[in-house]
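The values are calculated or read from the model by the stated rules, or taken from the named source; none is laboratory data. Worth saying up front: this structure is predicted, and the values here are computed from it rather than measured. Positions of Cβ are backbone-derived with ideal geometry, glycine not excepted, and every protein chain shown enters the neighbour counts. Side chains are part of the model used for accessible areas, which takes the heavy atoms of the whole protein and leaves out ligands, DNA and RNA. Shrake-Rupley method; radii C 1.70, N 1.55, O 1.52, S 1.80 Å.
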Amino acid sequence: ADLENAVREREALLREVHHRVKNNLQLMASIMNLQLRRTRSEEAKTVMRRLQDRMLSLATIHNSLFHTANLTEVEAAPLLGGIVDQIIVSGAGSGQRFDIDTAFQPFTISPEQVVPLALLITEALGRAMKTAAATGVGIPRIEIVLTHDPDGAVSLRMVNEVVPGADEDEQMGDAGMLGNQLIQAFALQLDGTYRREIQANRQIQILDFRLKPMTLGSAEPMPQG
């Protein structure tokens, strides 16, 4: 009984931590939004919006952990889908519109891995929105596919059309260099590999990694019989 009470108290404290962190991140994002309205420089606005997206992505993760029944595992599909929707809404607020096609297979992932995965998707989607927005043909389309194999292999594939012969480094600017560094850092945290290819006027971003086994103390299925 004492052990059960200790576990319940630990879970309650963890949930409270996730709740408070989420609230603080949302507050910081709101303050940045007020500052955005006063900022004249488009370059500064772009940088602040990217920072805001990162904060809100982290807030979404902590909110998901606050509501999840099992603090050792997170349902990846609804969490990552929510982050994508949030970033697209943020882009719409700045006058950008996108046609997003997502296909996320359901699987569970540990909090230790879902954080770098969500932040990598945030950066990769920011890159896709920046380059796709320059196509000039209708509403830019972005395709995001996340697959999971029974053996634990996970693959993320993000595709968007780009202008033939466009200089991506010029399009992305300094923010692109930082984004590249962050993406590689998040892929390293996942013990995975990230690569970007240009094929037939399409930018393809691919992340491959493997799910890590549950750490000590994670919930295990009860033996049957």
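Taking LYS212 as the anchor, which lysines have their alpha carbon closer than 26 Å to its alpha carbon, excluding any fewer than eight residues away along the same chain?
Correct list for LYS212: LYS22.
When all protein chains stay in place, what accessible area (Å², nearest 10, 1.4 Å probe) is found for LEU51?
The accessible area comes out at roughly 80 Å².
By average Cβ neighbour count within 10 Å, what is the ranking of 189-197, 39-47 from highest down?
In descending order of packing, they fall as 189-197, 39-47.
Top to bottom by accessible area (1.4 Å), largest first, where do VAL145, VAL17, VAL114 land? Before the final figure, lay out each step's value.
Working: VAL145 35, VAL17 80, VAL114 0 Å².
Largest accessible area first, the list is VAL17, VAL145, VAL114.
Please give the contour-minus-distance gain from MET48 to ARG15: 0.36 nm per residue of separation, less the Cα-Cα distance, rounded to one decimal in nm.
9.0 nm
For ARG157 paired with ASP191, estimate the spin-label separation in nm (one decimal), with each label point 7 Å from Cα along the Cα-to-Cβ line.
2.5 nm
How large a share of the accessible area of the range 19-64, in percent, is made up of carbon and sulfur atoms when the probe is 1.4 Å and the other protein chains stay in place?
Roughly 54 percent, rounded to a whole number.
Roughly how many percent of the accessible protein surface of the range 99-159 is carbon and sulfur, given a 1.4 Å probe and a whole-percent answer?
52 percent
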